[in-house]
Amino acid sequence: MRVLRYAFFATFAVATLVARAHGVCETSERVTLLESDTLFTVDPVAVTAVKHEHQLKKSAVTSTIIDYKTIEQQGIGGIKDIITAAPNFFMPDYGSRMTSSIYVRGLGTRIDQPVVGMTVDNVPIADKNLYDTTLPDIERIEVLRGAQSTLYGRNTMCGIINIYTLSPLRYQGVKIRADYGSRNSYRVGASAYFKHNAGMGSSVSAQFSHNDGYFRNGYNNSLLDRQNSGDIRTKFQWRKNFLSLDNTLALSVLRQYGYPYAYIGAVDSNNEHHSDLIGTINYNDPSSYRRTGITEGLTARHDWEKITLTSITAYQYLDDQMVMDQDFLPWSYFTLSQAKQQHDISEDIIIRSRKAGRYKWMVGAFGFFKHQAMQAPVTFLADGIENLILKNVNQYSGYPGEYRWGKADGTLSDTLLLGSNFRTSTLGWALYHESTLNAGRWLFTLGLRLDSEHISMRYHNFTDSYYTAFPSDTSKPAQQVALIIDDSDRLKKNFMELLPKFTATYNINSSNTLYLSAAKGYKAGGFNTQMFSEVLQRKIKHYMGMYQQLDVEELITYDPEKSWNFELGGHFSTNDTRFTADVALFWIECFDQQLTVFPEGQTTGRMMTNAGRTRSFGAELSFNARLAEGLYLNGAYGYTNARFRELKDGVNDYAGKYIPYAPQNTASATLSYRLDIESSWLNSITISATGRGAGRIYWNERNDIYQPFYATLDGSLRFDGNIWAVDFWAKNITNTHYDLFYFESMGNAFLQRARGAAVGVRFVLEL
């Protein structure tokens, strides 16, 4: 973190000097994006958009667009800051920042493949571990809901998030930003934007953020969920005649310490109920998450008379590690350390027609290669060895005596390492096409994508320890057994999918549009790497006379998830745009839905499994209204009814139950008033209040535990000058208490509470 601080201040100093040397500090050379007279989410024809030719508000897609003005006033730095702003879009702030769980229209998962894709400046983010990243100077966020698989491929079956950062060709100057708030949370950043000539621009930005954490660990009174993060980003843009180049290089570093999981009781009748720990966060082993990510993306575009060719080339590197006390109690059961080093290379080539006419088309070819090395050792400690292995074996193995861990001479071992190493390679390619026919007021689009993927994994499981069998007949000698397991193998999976799409759009007039769409969604399958510790544990028990051998491939692999998505919606606006609204009805039939589960009993892993069949239907509404001069109201509401059609776990039948973790309702509303001031030092004062809510959220397939609907209130008072702005903000003013996450581990139940009220101040200076 010290290095990041030095890098930030060095970048700021250099940027300021260079900016002054180039003379970009003159206000006449700078495009001031904060001078908009509206809080509406503006939707101009975005030249940065590659795969959507038409304005989103005239297309057959449900979208939420958050513009620069809103981003600046609300201090939005990442997608977690827009929670519930888009109807039926929910990204809770729980667990480590590698989790990045997103739920859209009732679908989503906590681990592995996401249901929503993400791009930054058209560059795809290849791994969801990098989704929860703070980005400096975001200019625009687009949240497109509904299946986007035809254009974007795997893992976009519920939508795509497109983020665009500030362009040096549209904005020049130096920006300095500083935030400070409750719990010693702060964020400082600086950026410089240069326009070297009419067609060339570059920028550099850096930021650092910190917070002390909101919760304490009762075991040692240390602060939990403490975080440090830093980001550096450079951007280069060049335009010459019909050729354009955009290059972005970004570095992101994160350190997170601990997870605020509170014990709420035993759910296994065989477990002891520790009433003295109810409602407390109390665990003894370290927990943390660290991440380093590098992204390099180049977008090249050439316009000919009849066609446009675009190439998006990207490389990403991810190095992260999660350390976790898996029992989350002040006992020594076992700990997990999961480290990953990953390289991703992708290429997307898009050719589309330019000639105006009734028929337009687009064809594309996409390919990627991902290589991942992972180390996921689980270390059993004294309590874990005794209660999870020896207790079960001594009770059920039928051995006439007692097993003890360690050697016959009495040398006991209080640790057991279950080692797991993996090397996974994924190679994928896709061909896709989209045709659009303009028939007067009607616009018809037909798309098709062929998506192919090959994934292979080499695994190495190992352990090296001793246990001793002490017979009941003391006249017989104890038998010392060397427990050496060294397994290696290779698993392979191949997937291929056809992903069709059809849309019909009817333009009532220039301001109002109706649409109908049908599309197939697809989420890739994979391997349950976190279950290998369970495989090793069961092999140990098998050698000690308890379990039968497992079918490793059957336990470890899971299949793709597929869906059919149907949507009826409309975009509406008054002629003077004082009121705009989007409305949508949707129905999703999902097959082989992927769900994260903890296997029954006192197991050490979590796994992805295919849930049979589910269905989800609901409605969405979002609107913007200018009520009076300077007075604006915008809101969003989403309702989802997502249930299992088929789900059996061998004992229970969950058909008709709600899908867990996805909220049934999401809502948000912002009322703001801006007063213009005729003063040489102050331009305007803006006061705003935002209410947000979500729920009910069921926490398990049984639907017997849930979070009721909750609501929070945020507020802001902002003063804008010519080159400065000061914003006094408050979050969760009502100090609403609600839960973000529930899970069961080793027969115990845990909850993560939401953070309480917080206040702070934000300062922005533009030179």
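Things to note:
- Residue in segment 707-728 that is surrounded by 16 or more Cβ atoms within 10 Å (Cβ to Cβ), in contact with a Leu (Cβ under 9 Å, 6 or more places away or on another chain), among the charged types (D, E, K, R) and within 20 Å of I102 (Cα to Cα) present: no
- Residue match in segment 643-658 (condition: within 30 Å of S563 (Cα to Cα), outside any strand (DSSP E or B) and among the charged types (D, E, K, R)): yes
- Test result for T310, touching a His at 6+ places or on another chain (Cβ under 9 Å) and assigned to a strand (DSSP E or B): yes
- Test: residue in segment 266-276 that is without any contact (Cβ under 8 Å) to a residue 40 or more places away in the chain and farther than 25 Å from A749 by Cα: no
- Segment 159-205, residues that are among the small types (G, A, S), surrounded by fewer than 19 Cβ atoms within 10 Å (Cβ to Cβ) and farther than 30 Å from R216 by Cα: A198, G199, S202
- Pair list, Cβ under 8 Å, 6 or more apart: segment 405-432 residue closer than 30 Å to I350 by Cα, other residue assigned to a loop (DSSP other than H, G, I, E, B) and among the charged types (D, E, K, R): G428/R154
- Any hit, segment 463-476, residues being among the hydrophobic types (A, V, I, L, M, F, W, C) and under 30 Å from Q372 (Cβ atoms): no
- Comparison of A711, A730 shows that the only residue that is at pLDDT 95 or above, closer than 18 Å to T70 by Cβ and not hydroxyl-bearing (S, T, Y) is A730.
- Single residue of A518, A581 found to be small (G, A, S), over 19 Å from L107 (Cβ atoms) and touching a residue at least 24 places away in the same chain (Cβ under 8 Å): A581
- Scope segment 428-484; condition in a strand (DSSP E or B) and of a type in the set (D, E); matching residues: E434, D451, E453, D464
- Some residue of segment 278-292 being over 30 Å from N228 (Cα atoms), in a strand (DSSP E or B) and either out of contact with any Gly (no Cβ under 7 Å at 6 or more places or on another chain) or not basic (K, R) (or both): no
- Residue match in segment 223-241 (condition: modelled with pLDDT under 95, more than 19 Å from the chain's Cα centre (by Cα) and aromatic (F, W, Y)): no
- Scan segment 327-359 for residues that are crowded, with 19+ Cβ neighbours inside 10 Å and either in a strand (DSSP E or B) or among the charged types (D, E, K, R) (or both) and the total you get is 11.
- When the residues of segment 142-158 are filtered to those that are under 15 Å from the mean Cα position of the chain (by Cα) and β-branched (V, I, T), the one that is surrounded by the fewest Cβ atoms within 10 Å (Cβ to Cβ) is V143.
- Just one residue in the set F462, F444 is closer than 26 Å to K493 by Cβ, hydrophobic (A, V, I, L, M, F, W, C) and modelled with pLDDT of 90 or more; that residue is F462.
The values are calculated or read from the model by the stated rules, or taken from the named source; none is laboratory data. Because the structure is predicted, anything quoted here is derived from the model rather than measured. Here Cβ is always computed from backbone atoms with ideal geometry, including for glycine, and neighbour counts include all displayed protein chains.
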